[in-house]
Amino acid sequence: MKKSVSIFTVFVLLFSFAACGNHAANERLSSTSAEKSDTQNDSSSSAETGSKSLVVYFSWSGNTENVARSIQSQTDADIFEIVPAVPYSGDYDTVVDLAQEEQRTGARPVISGSIENIEQYDIIYVGFPIWWGDMPMILYTFFDTYDLSGKTVALFCTSGGSGLSETVNEVKSLEPNAAVTEGLHISSDSSSNPDNAVSEWLND
Ligand SMILES: Cc1cc2nc3c(=O)[nH]c(=O)nc-3n(C[C@H](O)[C@H](O)[C@H](O)COP(=O)(O)O)c2cc1C
């Protein structure tokens with residue numbers, strides 16, 4: 001009964017934010033190439049600046065990316081976008097179904113590219129949208145791939161209504177030797193103007 005209520009709640013949230021997510025996805029898909037080359041540029045400048053912080057994020061429709069960019073600009077961190085080797089469809093319903101299937105099967109979608117010299121970073125900010133009450137499975141690929149022992153890991157997420165859910169505890173168990181801090185949740189509606197919330201969180 002409890003599980004049915006939870007699944008129903010998730011569905012209500014999904015439908016509430018479907019229109020917004022789809023619109024943003026279309027905008028984002030039209031500028032994918034530019035974003036990719038930005039990411040590579042940001043990444044290559046990291047060695048020159050010697051920065052010790054890195055923002056890693058996955059974003060399907062652009063909300064989490066806004067937050068990632070805000071963190072990057074306020075911390076002068078390097079930035080790496082998690083880009084799936086097989087791109088997700090731009091169609092909301094298709095992605096909703098696929099995301100559920102990936103969660104059900106424990107999939108590990110392949111990440112395109114990799115982070116060079118992750119050892120150089122002391123603080124890693126990791127951001128994602130909440131998908132079906134959890135991190136998208138490609139985040140599990142990320143945590144499987146990189147050993148973040150000894151680092152501070154700060155999670156941030158955007159979602160239609162769910163908070164960070166169990167993701168902080170999940171990452172604590174995936175990275176038992178990292179210091180996982182209190183995470184930041186920003187609702188989809190507020191994600192286009194995240195600077196104040198990000199600033200407060202960073203100060204904390
Ligand atoms: C596949 C999928 C599953 C989602 N599941 C949830 C959910 O369980 N709870 C919720 O509040 N929002 C859910 N959402 C809404 C997203 O978390 C929200 O729109 C988020 O801000 C999108 O971030 P992005 O633009 O960075 O991709 C879901 C969206 C998608 C596409």
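The values are calculated or read from the model by the stated rules, or taken from the named source; none is laboratory data. This one's a predicted model, so the numbers in the text were calculated from it and none came from an experiment. Using ideal geometry, Cβ is built from the backbone for each residue, glycine included, and neighbour counts are taken over all protein chains shown.
Checked against the criterion of being surrounded by fewer than 24 Cβ atoms within 10 Å (Cβ to Cβ) and closer than 18 Å to V168 by Cα, the stretch 91-103 has at least one qualifying residue. Checked against the criterion of being touching a strand residue (DSSP E or B) at 6+ places or on another chain (Cβ under 7 Å), closer than 17 Å to G62 by Cα, modelled with pLDDT of 95 or more and more than 13 Å from the ligand (Cβ to nearest atom), the candidates I79, I115 yield just one match: I79. Has the stretch 141-149 got at least one residue that is within 10 Å of the ligand (Cβ to nearest atom), touching a strand residue (DSSP E or B) at 6+ places or on another chain (Cβ under 7 Å) and in contact (Cβ under 8 Å) with a residue 12 or more places away in the chain? No, that holds for no residue.
Can you confirm whether Y88 is within 13 Å of the ligand (Cβ to nearest atom), hydroxyl-bearing (S, T, Y) and over 17 Å from the mean Cα position of the chain (by Cα)? When the stated conditions are applied, Y88 does not pass them.
Restricting attention to the stretch 96-136 and to residues that are among the hydrophobic types (A, V, I, L, M, F, W, C) and free of Cβ contacts under 8 Å to residues at least 40 places away in the same chain, the residue that is farthest from V180 (Cα to Cα) turns out to be L98. Among the residues of the stretch 59-76, those that are more than 9 Å from the ligand (Cβ to nearest atom) and either among the β-branched types (V, I, T) or in contact (Cβ under 8 Å) with a residue 60 or more places away in the chain (or both) comprise S70, I71, Q74, T75.
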